[in-house]
1. Contact list please: Cβ distance under 7 Å, first residue in the range B:194-210 and without any contact (Cβ under 8 Å) to a residue 60 or more places away in the chain, second residue among the polar types (S, T, N, Q) and part of a helix (DSSP H, G or I), pairs at least six apart or on different chains.
2. State all residues of the range B:120-147 that are within 13 Å of chain A (Cβ to nearest Cβ), closer than 30 Å to A:TRP415 by Cα and open to solvent by less than 40 Å² (accessible area, probe 1.4 Å); if no residue qualifies, say none.
3. With the range A:239-357 as the region, which helices (runs of 4 or more DSSP H) entirely inside it contain at least 3 residues that are more than 14 Å from every other protein chain (Cβ to nearest Cβ)?
4. Across the range A:389-440, what is the total count of residues that are away from chain B (no Cβ under 13 Å) and exposed (fewer than 15 other Cβ atoms within 10 Å of the Cβ)?
5. Let me spell it out: the conditions are (1) within 14 Å of chain B (Cβ to nearest Cβ); (2) in a loop (DSSP other than H, G, I, E, B), and A:ARG383 meets all of them except one. Which number is the exception?
6. Within the range B:152-183, can you find the residues that are aliphatic (A, V, I, L, M), more than 8 Å from every other protein chain (Cβ to nearest Cβ) and under 26 Å from B:VAL35 (Cβ atoms)?
7. Would you pick out the residues in the range A:358-375 that are open to solvent by less than 60 Å² (accessible area, probe 1.4 Å) and touching a residue at least 12 places away in the same chain (Cβ under 8 Å)?
8. Can you tell me which of (1) open to solvent by 40 Å² or more (accessible area, probe 1.4 Å); (2) modelled with pLDDT of 85 or more is the one A:SER177 doesn't meet?
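The values are calculated or read from the model by the stated rules, or taken from the named source; none is laboratory data. No experiment lies behind these values; they were computed from the predicted model shown. Glycine gets a Cβ as well: all are built from the backbone with ideal geometry, and neighbour counts include every protein chain shown. Heavy atoms of the whole protein, side chains included, go into the accessibility calculation; ligands, DNA and RNA do not. Shrake-Rupley method; radii C 1.70, N 1.55, O 1.52, S 1.80 Å.
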Amino acid sequence: MLNRIVLHITLILSFFFVAQSISIASYPPGEEGALCLGCHGNKEMSLTFKNGEKLSLFVDDRSLMTSAHKNVSCSGCHKGFSLGDHSKRQFKNRRSLTVWASDACRQCHTFKKGIHLRMLGALREVVCVDCHGSHAIQPVKESGDACFGCHKYGLSIPFKDGSRHSLEIDEDALKDSVHNKLRCADCHFGFSSKEHPERDFKDKRNFTIITSETCRRCHFDKYTKTLESMHFNVLLKGNLKAPVCVDCHGAHGIKTGRTEKIESARRCKSCHEDIYQTYAMSVHGKSLISMHNQDVPVCSDCHRAHDISDPRMADFRNNIPQMCSNCHANEELMKKYGLSTAVLQSYLEDFHGVTVSYYKKQKNAIRHIAVCTDCHGIHDITRTKGPDASIVKANLVRRCRKCHPGASDNFPDTWISHYEPNFKRAPLVYTINLIYSIFIPFMIVGLVLQIILHIWRYAVNR
Amino acid sequence: MIEIEKKNGEFIRRFHPLRIIEHQANAITFIVLVVTGISQKFHNSSWAEWIIMNLGGIDNARVIHRTTGLIFTVLTLQHILTGSYGVILKKWMPSMVINLKDFTDAIDNLKYYFGITDRPARCDRYDYKQKFEYWGVVIGGILMIFTGLTLWFPTKVFHLIPFLPGQIIPAAKAAHTNEAMLALLVIVIWHIYNSVFSPDVFPLDTAIFTGKISKERMIHEHPLEYERLTGEKLDDAHGEEGKEEHGPEEISSAP
């Protein structure tokens with residue numbers, strides 16, 4: 001009782017004291033506010049919960065002034081509190097106070113539709129003040145912070161098929177991502193605290209595919225490339241397993257594409273497991289995995305990243321020699337490994353190479369002409385020297401027979417490798433070329449001399 | 001082939017119409033083979049690309065080349081058969097056979113060109129230059145046929161002759177392409193000179209088109225044959241030399 005009298009006296013005294021200052025500052029919270037701040041303007045004031053947690057009861061008058069609720073009196077929200085009635089309540093902890101206090105909001109903000117209504121039902125953990133703040137309440141802008149108010153909790157979205165997908169965002173992952181300067185609404189176009197359209201998705205995959213569409217708003221060049229890709233084609237045909245942007249790049253934790261090459265290969269692996277395993281055993285894959293060699297090609301070097309074309313199409317096939325020569329005709333790169341750069345030219349000079357070169361120009365060719373991969377392997381490219389050489393040759397005769405049925409076992413020998421014919425490797429070819437290289441000039445010089453002599457004699461005779 | 005008739009006293013029949021047709025057919029197949037073949041050899045150059053693309057692509061160019069090659073093969077075979085038949089059964093004179101005199105003729109002619117002797121070699125129906133060209137075409141043609149067939153049917157070759165080494169295919173390609181180059185150069189330089197630009201025949205040796213040759217040219221270029229056909233003995237070299245100086249002009253003005 002004495003306690004209460006002392007409180008009353010203090011309040012009344014402070015009222016007079018504060019009243020003077022309002023006349024200068026014209027306090028927005030009105031008379032009642034001034035009265036409350038008489039005590040709650042004291043920074044020392046605090047409340048101790050049962051669990052020992054402390055909460056400062058200090059209310060900053062400046063934050064109240066800029067608040068959206070600057071015209072609402074203290075008791076407008078803090079129902080049941082007044083100068084005369086300052087009921088004492090016991091709370092388990094700070095959070096339970098927050099949750100209890102948030103109930104007050106619904107006295108005015110009754111939501112009949114929209115995201116808030118849904119959240120009221122779905123959320124136990126998130127309350128109004130988590131997003132909107134308390135005394136310094138602001139109209140919530142589309143800042144990341146506002147979204148995290150809800151999305152750092154275990155929110156989830158229900159799909160029509162009954163499954164749910166977590167909408168909880170890992171804030172740290174977002175901060176590490178290349179998009180850390182972007183605001184949520186930059187990608188989640190049309191979403192804000194005010195506008196938070198409700199959407200119905202069939203299932204999680206549908207949700208992912210549709211959400212991925214947002215990437216094109218900035219990365220239009222990549223998006224148009226994907227339209228020509230094998231993956232998009234498959235997607236169009238109704239295979240929803242076909243990857244969209246986020247399947248390879250991730251969503252919130254999106255990283256730059258220029259990471260270690262192996263990372264890029266691993267992304268493809270998540271769907272193309274068997275091919276990855278074959279690749280891992282190839283001369284390129286082994287070098288990449290065991291030695292972290294960044295010179296070797298990974299999936300995207302041959303198949304491209306966004307405009308991945310169907311490797312079964314003639315266009316892709318006919319471009320393989322150029323594809324391989326991106327590295328294998330590069331002097332500097334091949335010198336490191338002691339490999340010849342003549343491989344492209346020697347192929348192009350050969351019968352198959354000529355055909356493929358013309359097929360590329362003709363655009364109407366349907367025959368599959370042997371290219372690099374037919375002899376050397378596709379994903380299982382092996383060394384042509386050393387212990388693998390015999391395997392290469394054994395595979396070769398099988399490939400030859402696809403176009404040359406009835407080819408004998410020694411038929412692959414007709415290809416005298418990528419080297420200029422020399423006396424040791426191909427004596428017959430070398431000798432024939434040598435003979436003609438002497439015989440043709442000899443013959444031509446002889447004939448031209450005869451002609452000159454003939455004309456000269458004729459002129460002299462005249 | 002060797003039946004020669006006199007006409008108007010001025011012209012002597014030199015070629016049977018069938019031989020004229022044969023030459024024209026050979027010339028056409030040769031041109032087609034060169035156009036489709038050389039554009040494959042120099043496949044990187046823009047003119048070759050123009051030719052191949054206008055022929056409807058590399059496959060078409062090859063089909064044309066191979067078909068024409070077959071026609072060439074037939075022409076060569078019929079020539080060998082006709083020649084053999086004529087020489088063996090019909091007692092044609094084997095005038096194309098190379099003999100010792102051709103070598104001495106060549107040396108004599110060189111001497112004449114250098115001014116060591118004052119008259120050229122006296123030749124029979126075909127002089128050594130013509131024989132050289134003829135056998136070049138026949139032997140080169142057979143080589144082209146065999147290497148060409150090898151490249152056309154690369155797997156069959158190993159069935160026919162199993163012990164052949166693999167490099168027979170690139171070797172056939174090397175021989176085919178080099179021999180073609182040689183043939184083209186000989187035709188362009190030697191044959192075109194001798195039948196078009198040579199002062200003896202300029203502007204054109206019409207013998208292969210009309211089948212006839214002027215008496216003057218006959219006496220000048222094939223005196224031995226002329227003597228054999230007519231039975232008359234030609235004058236000594238000096239008399240002929242005098243004629244020769246007017247010869248070409250008369251021919252060029254002749255119809």
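1. From residues that are without any contact (Cβ under 8 Å) to a residue 60 or more places away in the chain, the pairs are B:VAL201/B:SER195; B:PHE202/B:SER252; B:PRO203/B:SER252; B:ASP205/B:SER195.
2. Within the range B:120-147, B:GLY140, B:THR147 meet the criteria.
3. On the way: elements: A:245-249, A:261-269, A:273-281, A:283-291, A:299-303, A:314-318, A:320-328, A:331-337, A:343-349.
Fully inside the range A:239-357 and qualifying: A:245-249, A:261-269, A:273-281, A:283-291, A:299-303, A:314-318, A:320-328, A:331-337.
4. The qualifying residues number 5.
5. (1) is the only condition that A:ARG383 fails.
6. Result: B:ALA172, B:ALA180, B:ALA183.
7. A:TYR359, A:ALA365, A:ILE369, A:ALA370, A:VAL371, A:CYS372, A:THR373, A:ASP374, A:CYS375 - these are the residues of the range A:358-375 that are open to solvent by less than 60 Å² (accessible area, probe 1.4 Å) and touching a residue at least 12 places away in the same chain (Cβ under 8 Å).
8. So the condition that A:SER177 fails would be (1).
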